[in-house]
Amino acid sequence: MTIDKEVKKNEVYMIGNAHLDPTWMWRLNEGLEAFLATCRSALDRIDETPEFIFTASSAAHYEFVEQTDPQLFTRIQEAVKKGRWSIVGGWWVEPDCNLSGGEAFIRQGLYGQKFFESCFEIICNTGFCIDSFGHNANLPQLLRHCGMSRYVFMRPEEHEKHLEDALFKWQTLSGDEVVAYRLPLHYSNFKNSVSEKLSLLSDYQLYNGKQSWMIFYGVGNHGGGPTKEQIAQIISEQSINSDFNTQFSSVDTFFDTLESTDIVLSTQTGEIQPHAIGCYSAHSKIKKLNRRAEHALLHAEKFCVLAELKVQTYKADWLRIQQAWKNILLNSFHDVLGGVAIEEACDEAISLYHESLAIASREERKSIQVLANNINTSDSIETLLIFNPQTWRVSSPVEFELWHPDSSEKGESLDSILLTDEKGNTVETQKIEPSGKIGGDRVRFVAQIEVQSFGWKKLKLERESERKKIKSNIKATEKFLSNGICGIVFEGEASENSIQYYPAQAFSDESDTWGHGIAGFTNQKGFFKVNKVTIIERGPVRGRVRVESSYGNSRMEEDFILYEGADHIEQRVYLDWRKTNFVLKLRYEHKCTDAKVFYEIPYSVIERPISEDEVPGNSWAFVQDESRGLGIINDAKSSYSSDEKFFYMTCARSPLYAHHAPPHVFLQHEQKRYQDQGEQEFSVKIIFVKKNWRAAEMPRRTLEFLQPVVTHVESSHQGFLKTEKLSFDISATNVLLTVMKRRHNLIGEGIVIRLAETIGDESLVYFSSECLSVNWKAHFNPYEIKTFLVERGKLLEINGIEDSIY
């Protein structure tokens, strides 16, 4: 760091705070009650000491006070107006900063900032995650898009991740940057008193006597806040400490003062990792539900908008959708989404996820039915409708079921159906296993269908008693599955355009729930044993082969599904995991030399070297060299590793619940409850092509996989909606529409559209939307997020908290 103008050596801003985990070693009711108690205590300290200022984050906590103790909330509002209570963070909670999808971070800011604006008339300038375990490389853009230009964090600490300076500019690939501060000497006083922290500051590894510093004080984790003794120590230090000029202050005052100086800050790029690698794989169910719920709501929002645009009398329940998002955001708190809370707290989080999923399902179901009610299906007794939420044409396999009581009532089975589009073209179908086990009364079919952008396709459905034999390139045997384009080999050696099946691996893991003290899971103990390979389906649409394997008393079924003409393989996994203090990894041979690995992170991409260390990622990863690549998309997992031969996805991990070592040492009588015991299911898409991740369109494929087309069987009736032509056109395939919803305040008819550049190319992009009656163009920096408000044919660029950026 270089300094143009020297800052006083002795300026130390003392930040009175109370880090509060709403749920961790306790349940949510206890954590939120602790915040109420903390607020009362902080207000008492404010009354006692005129100089004292209290700092606290997390809109979810304040909302609970407003709902349960209005008088206390009014006192907080008054303290904020007087400058005695400082609100920081701008987010709903202090989340895990790796595992959420990109849109969840924007919603953290949207709901957090709008709450603070409505109740306190402020927009937070400072992001605040002082206990989160690591920080993704795109966080500065996500903060800036939500109105914040500063960031305070603590983990990872210097012994885990070296930084040149504690105070620096943090920049993303999009060009966005924030001023970031790594907090020294912890956020509370659990190890050192106020006086001891001041005496230790000059020995801090990143100490620079030419800059100002913040030191945090107060009782934390379970709330509490600054004590009378701590405040007295600060007052005493003000008169006796010859090294530092200590002052009661706020985080915003620290940054405001910094901006008034000529200090020149160094620039940091990339991610700030890691602290505890076990948090990326702990509690598989929470990880899966989080991803599923995020995408379910984004999926439902798009269909709600489509229904409202096409059937103007229809109004979705957007307030209920907002509550569903708040559930997800609360659960993204770092100890919950990280999977390190007690079992009872994890169970509460699961209940909240299910509530959000129920809301998403209900709103999507109503919207789809409203559209179907108004589509003219009178030309057929039954019509298959396929709805596409994406703004590009999607060719996708679709599965759908029919009720066929003639099987039991008349003995007439239904073995095939005929699908015909409005131009008279037929679509091939294949009968597959139904979900319900009731003889032939319930039948299920699969077809590969192309659907136009942000609209639907209508197919006339006719029941047939016999299926005509269709020539297919799919070959399914106990030894291999292939369609002539790609395949997988179960016995023998893979060809150039196939991948080899490798059984899952098991690793011992004696670490605590966080994975403290380790960088990866590398103590290999064995492999799953393949017990049986079975051909499940072999038809004109797809082939399906099941591999059954076991390791001890754990067992797994892996169904590999390959479609006619596809360049990818779908892997559906059923796992019954019974090991404790073990890790299960699936492995995929990448066949790359001098490989690079690219990972999806929130609204961006990061390149990392091949490494056995465990790293976090969102839904996709891609291993590539100069001539080939292997892509993996999944709907549930977030922890990955790699070596020169394989890419690994950590799929099950069974540490004890909420076990922190040190300090905990087990006593003989204590119960032990392990995570990830029993059944789980998840899906993977394996993309094995001679391309890089950009050419393979990994971001687009991921949205198609996690937010798929929706099938709906509709009876015959009249309707005013006809099959739509292209209704949303984007000139560049690298810019994707990720969000379409109503504006937050629900005033007027405004629709919010969020777009993201996804492959790192600077682009000038043209947009045309018939359904919104608007055309425009926009320039995108690499990985840039842009948000627009559309209302009555007019367009306004806004930020993530839906304020105009101009």
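The values are calculated or read from the model by the stated rules, or taken from the named source; none is laboratory data. This is a predicted model, so every value here is computed, not measured. Virtual Cβ from ideal backbone geometry, glycine too; neighbours counted across all protein chains shown. Accessible surface is based on the protein model in full, side chains and every heavy atom, while ligands, DNA and RNA are left aside. Shrake-Rupley method; radii C 1.70, N 1.55, O 1.52, S 1.80 Å.
Okay, here's what the table says:
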read-out: E401 paired with C771, simple spin-label distance in nm, labels 7 Å along Cα-to-beta-carbon; value: 2.8
read-out: For the stretch 585-684, diffusion coefficient by Stokes-Einstein and Kirkwood Rh (Cα), 37 °C, 0.692 mPa s, µm²/s; value: 213
read-out: Low-density loop positions, trypsin sites (Lys or Arg not before Pro), the stretch 287-354 - DSSP coil, at most 16 other Cβ in 10 Å; value: K315
read-out: Sorted largest first, extent of the stretch 381-433 alpha carbons per principal axis (Å); value: 44, 24, 19
read-out: Unsatisfied cross-links (Cα-Cα over 32 Å) in the set K326/K457; K82/K114; K81/K326; K210/K596; K285/K458; value: K326/K457; K210/K596; K285/K458
read-out: All-pairs Cα distance distribution in the stretch 84-161, expressed in whole percent, bin size 5 Å; value: 3, 17, 27, 26, 14, 8, 3, 1, 0
read-out: Rel. contact order, % - alpha carbon contacts under 8 angstrom, at least six apart, the chain; value: 13
read-out: Estimated translational D of the stretch 383-506 in µm²/s (Stokes, Kirkwood radius over Cα pairs; 10 °C; 1.306 mPa s); value: 92
read-out: If the convex hull is drawn through the Cα atoms of the stretch 481-582, its volume per residue in Å³; value: 130
read-out: Burial ranking of peptide ranges 764-770, 446-452, 327-333, 111-117 (average Cβ count within 10 Å, highest at the top); value: 327-333, 111-117, 446-452, 764-770
read-out: The stretch 30-79 versus the stretch 536-610: alpha-carbon centroid distance in Å; value: 48
read-out: Gap separating the Cα centres of the stretch 116-189 and the stretch 702-749, nearest whole Å; value: 35
read-out: DSSP-loop trypsin sites (Lys or Arg not before Pro) across the stretch 437-488, with at most 14 other Cβ within 10 angstrom; value: K437, K468, K469, K471, K479
read-out: Pair-distance profile P(r), taking every C-alpha pair of the stretch 535-598, with 10 angstrom steps and integer %; value: 17, 36, 31, 16, 1
read-out: Rounded percent of accessible protein surface that carbon and sulfur make up, the chain, 1.4 Å probe; value: 46
read-out: Cα extents of the stretch 257-307 along the three principal axes, largest first (Å); value: 53, 36, 19
read-out: Violating pairs (Cα-Cα greater than 25 angstrom) within the set K161/K579; K431/K685; K287/K529; K585/K645; K191/K228; K645/K685; value: K161/K579; K287/K529
read-out: When the stretch 636-721 is reduced to its Cα atoms, the Kirkwood hydrodynamic radius in Å; value: 18.7
read-out: On Cα atoms only, tilt of 28-48 relative to the major axis of the chain in degrees; value: 30
read-out: Cα-based radius of gyration of the chain once divided by 2.2 N^0.38 Å, which approximates compact folds; value: 1.00
read-out: D (Stokes-Einstein, µm²/s), Kirkwood Cα radius, the stretch 528-648, 1.002 mPa s at 20 °C; value: 134
read-out: Mean Cβ count within 10 Å, highest first, over the residues of peptides 144-155, 527-538, 546-557; value: 144-155, 546-557, 527-538
read-out: Mean projection area, nm², convex hull over Cα of the stretch 279-364; value: 5.1
read-out: Cα pair distances in the stretch 665-788, grouped into 5 Å bins until the bin that holds the longest one, percent each; value: 2, 7, 12, 14, 14, 13, 10, 8, 6, 5, 4, 2, 2, 1, 0
read-out: Solvent-accessible heavy-atom area per residue, rounded to whole Å², over the chain at 1.4 Å; value: 39
read-out: Average projected area [Cα convex hull, the stretch 648-697], square nanometres; value: 6.4
read-out: Kirkwood Rh and Cα Rg combined as Rg/Rh, the stretch 131-190; value: 0.98
read-out: For q = 0.09, 0.11, 0.21 Å⁻¹, Debye-computed log10 I/I(0) when each Cα of the stretch 228-382 counts as one equal scatterer; value: -0.60, -0.76, -1.17
read-out: For the stretch 183-249, convex hull volume per residue from C-alpha positions, Å³; value: 89
read-out: All Cα pairs of the stretch 73-218, percent lying beyond 25 Å; value: 34
read-out: The stretch 31-139 - convex hull of alpha carbons, volume per residue in Å³; value: 106
read-out: Rg/Rg_ref, the stretch 715-754, where Rg_ref = 2.2 N^0.38 Å and atoms are Cα; value: 1.71
